[in-house]
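The values are calculated or read from the model by the stated rules, or taken from the named source; none is laboratory data. What you are looking at is a predicted structure, and each value in this text was computed from that prediction instead of being measured. Neighbour counts run over all protein chains shown; Cβ positions are idealised from the backbone, glycine included. The accessibility values were calculated without ligands, DNA or RNA, using every heavy atom of the protein model including side chains. Shrake-Rupley method; radii C 1.70, N 1.55, O 1.52, S 1.80 Å.
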Amino acid sequence: MAIFFVLCILALGILLIHLMLQTGFSYLPESVVIVFLGALIGMIINLMSIRNIANWRKEEAFSPTAFFLVLLPPIIFESGYNLHKGNFFQNIGSILLFAIVGTAISAFVIGAGIYLLGLAQVVYKLSFVESFAFGSLISAVDPVATVAIFHALDVDPVLNMLVFGESILNDAIAIVLTTAVLDSNDPMMSTYEAILSAINRFWLMFFASAGIGVVFALISALLLKHVDLRKNPSLEFGMMLVFTYAPYVLAEGIHLSGIMAILFCGIVMSHYTHFNLSTVTQVTMQQTMRTLAFIAETCVFAYLGLAIFSFRHRVEPALVVWSIVMCLLGRAANIFPLALLCNKFREHKITKKMMFIMWFSGLRGAISYALSLHLEFSDETRHVIITTTLIIVLVTTLFFGGSTMPLLKFLRANKKTKRSRSQRKQKEVSLSKTKEWGQAIDSEHLSEITEEELEVNYSHATRLKGFVRLDMKYLTPFFTRRFTHQELKDCKSQMTDLTNQWYQAIRISNDHDTDEEESQQTSLSNSHSSIQRGV
């Protein structure tokens, strides 16, 4: 019944998003609308339970284990797999600075602030570990609104990648940081020892988990390079799915971070393994992962809405208000100093307007809420943290997510350069992730490397620097298959044959329908003429 309940909500969510796309409603992110849907369903279930009509409380309960084992992996893997890797690897230093150092700064500011305010009896008192666990989990931000604004403002793609890359890694970093803080929760340790333990645990989990993901991805690249499964796309796709999920469960099984493992597995598989696949599997892989990520995200945001009415809340107004203030201060302490530091080493400077947008768009997502459910503190403290997290997620998503389009219009109005109507129409942006996904298949994800292309890339590699040069010169030739023109031709013809068969089936059915219509019309005209002759 619980599964049936989830499927019903999914169906409603899909229809609601379709209605949004059909009507052109683009003032709120889809996530916010799904939260509203969940809240409405939660309210109806609550009323039914109060009036003893039916009790669906058991079916609507959100399981943190199901979230971490079923819903979260496809979301994280998809974000890594469908990443445009060119700009990502060229800006890996800046992205890691924002993701690791920035998230740690934000977590420290929020955690320390809440802990000190609790000691001063201004807010609900949390222990040192509880404060920093809360600071870590609430530092996970949602990139949707930020990326939407950046697309609309015609921002340099490098800056776009900088923010998007930071947002992707940020979720994984927040999860690892929270886990590291919880693991250091030992009453025998002093505060100083607990901090050192959390830092050591964080670095171990980060590098070991990322290493597992990279190793699995490289093994998959070598396997699919040397074992030719291209003529059987089902086997090829099955092998890809195995390598997608394996690093996650292995890392979780040995008490490391499965999220970090699956994220880096996705990034590296996208960079090497993907180009060893047949064109059919390339398309299938991309669209399947997008669909799974969409379903998982819809479920998570619907449950977020359900929690508004289904969860037993413990509201502490002072803690809620000060937590929101600390979130804004933590985001400011993260974005502004690190952006200024990055500008000293970058050709593409981050402007003050971009810094403001990055700070403004620090929405807290569903991952923060799921992390709060995973905490194992005393019942009272747990309820306070979960309720506070839920309110912060809803306030930031509704207020900042809802303010995205007005801010966008304000920034456009202040632009000195005037654009024609046609240009404005071209730059019209939607906060719909589904629409962006459905517009086209990424061309970067539909190609194979021929021997000639590899030689050209090798000649260009001498002008590149750092990891990109190493990758182009040594790693890509080793892990990626070099296709002959004949193999490439066979692959393209396979894709063309499948498409032609599909079109032919449609054409035959249409022709058949047309023939039937023509015969009906002929018989009708014949009968009509015979009636006229009779008259």
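Applying 1/(1 + (r/R0)^6) with r as the Cβ-Cβ distance of Glu376 and Leu116 and R0 = 25 angstrom yields a FRET efficiency of 0.55. For Ser257, the accessible area of its heavy atoms, probed at 1.4 Å with every protein chain present, is near 10 square angstrom.
In the context of the full set of protein chains, segment 28-412 has a per residue accessible area of 38 Å² (1.4 Å probe).
Per-peptide packing, taken as the mean over residues of other Cβ atoms within 10 Å, places 274-283, 89-98 in the sequence 274-283, 89-98 from highest down.
Here the calculated FRET efficiency for Leu196 and Gln504, from their Cβ-Cβ distance with R0 = 51 Å, stands at 0.15, rounded to the nearest 0.05. Computed about the Cα centre, the dipole magnitude for segment 28-412 is approximately 720 debye when only Lys and Arg (+1) and Asp and Glu (-1) carry charge, each at its Cβ. Go ahead and collect, in residue order, the members of segment 235-251 whose backbone nitrogen is under 14 Å from a label point 7 Å along the Cα-Cβ direction of Ala208. In segment 235-251, the label zone of Ala208 (backbone N under 14 Å from the point 7 Å along Cα→Cβ) covers 250-251.
Subtracting the Cα-Cα distance of Leu222 and Asn52 from 0.36 nm times their residue separation leaves 55.2 nm of extension gain. Take 369-378, 106-115 and order them by the average number of nearby Cβ atoms within 10 Å per residue, most first; the result is 106-115, 369-378. When you count the other C-beta atoms within 10 angstrom of each residue and take the mean per peptide, 6-12, 352-358 line up highest first as 352-358, 6-12.
According to the square roots a ≥ b ≥ c of the eigenvalues of the Cα gyration tensor, what is the shape class of segment 88-147, taking rounded for a/c under 1.5, prolate for a/b larger than b/c otherwise, and oblate for the remainder? It comes out prolate by the Cα gyration axes. With R₀ fixed at 41 Å, the C-beta to C-beta distance from Gln22 to Asn232 puts the FRET efficiency at about 0.60. Length gained on full extension, Leu470 to Ala318: 49.4 nm, using 0.36 nm per residue less the C-alpha separation. Accessible surface ranking for Thr179, Thr65, 1.4 angstrom probe, highest first: Thr65, Thr179. Per-residue Karplus couplings for segment 255-271, computed as 6.51 cos²θ - 1.76 cosθ + 1.60 with θ equal to phi - 60°, are listed in order as 6, 10, 9, x, 4, 5, 5, 6, 5, 5, 4, x, 5, 6, 4, 5, 7 Hz, Gly and Pro entered as x. The fraction of Cα-Cα pairs per 10 angstrom bin, counted from 0 for segment 187-256, comes to 18, 34, 23, 14, 8, 4, 0 percent, rounded to whole percents. Ranked from largest, the principal axis spans of the Cα set of segment 28-412 equal 64, 60, 54 Å.
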